[in-house]
Every structure is written in structure tokens, then in C-alpha cells.
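Here is the structure we will look at.
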């Protein structure tokens, strides 16, 4: 991937897992404090990890913020096809020229073994 900086929501199990994953890949990690933070603070896009297209209310509100600011949003269903999901994310980052991206996902994703598969295959 061509990312430079990952923004992660603070105080979540999902963010803790992605922090260790991002550190292993030498990404810069910034904190996204809450859904009231302005997406114009240097964030280029939003990636939403989900299961079966189901979004938590707070994640749906964050998506709405990005939609209103006309920032690109990409959803990854971790129960979908692995290589298609990874290829689509890579293409999305390239086409939208995203360097600083907010990654969000529900804490319930931590219990799904497919999340680990996705993270292991991201470059």
C-alpha cells in the first residue's frame, strides 16, 4: 500500500490491534479522538472494516462526516473474498491518492479470524 499515516480511533480493541500491525510496517500512527473531529484535519479518506456490511452507529456517524466533506470512503467486508478485498483497497488508495487514512472497525471484529487474514496480506 502507498499509505504514510494511519489514523485510528482511540480507546478501542480494534485500534490496539491495528497499532501493532501498523508499527510492524513502519506506518506513522495518529489518533482520531472521536466522531466530532473534523475530517479536514489532514485525513484523505476513510476505510471501514465490517462484517457482512453491518456498521455500528458511531462508525456510521463517522462515515456521514466524511460523506458530507466529500472525502473518499471504502468499506471492507472481512467475510468477503480476501484477495478481492485487498486488491480493491489498493486500487482505492491509488485512485484517490490517499496517504493519510482513518481506519475504523467495531471491536467485535477482533474475534473474527478473517481480520487477521486481511492484516497478514496487506502490504
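Only the coordinates and a few stated rules stand behind these numbers; no lab work does. Being a predicted model, the structure only gives us computed values, none of them experimental. In this analysis, Cβ positions are derived from the backbone assuming ideal geometry, glycine residues included, and neighbour counts consider all displayed protein chains.
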For this session: Tell me the label-point distance for the pair residue 53, residue 107, using the 7 Å Cα-to-Cβ offset, in nm and rounded to one decimal.
Result: 2.8 nm
Exercise. GNM on the chain, C-alpha springs below 10 Å: top fluctuator among 99, 75, 57?
Worked result: 57
Seminar exercise, completed: So, relative contact order of the stretch 5-121 in percent, Cα under 8 Å, 6 or more apart, is 36 percent
Problem set entry | Selected from 101, 84, 73 as most flexible by GNM, with the chain as the system and alpha-carbon contacts under 10 Å | 84
Problem set entry | FRET efficiency estimate (nearest 0.05) - Cβ-Cβ, residue 33 to residue 2, R0 22 angstrom | 0.30
For this session: Answer with a single label: of (1) 33.2, 108; (2) 24.1, 77; (3) 13.0, 34, which was calculated as Rg and Dmax of the Cα atoms in Å from the structure in view?
Result: (3)
Exercise. Taking the chain as a Gaussian network, where each spring joins two C-alpha atoms under 10 Å apart, which residue of 41, 81, 19 fluctuates the most?
Worked result: 41
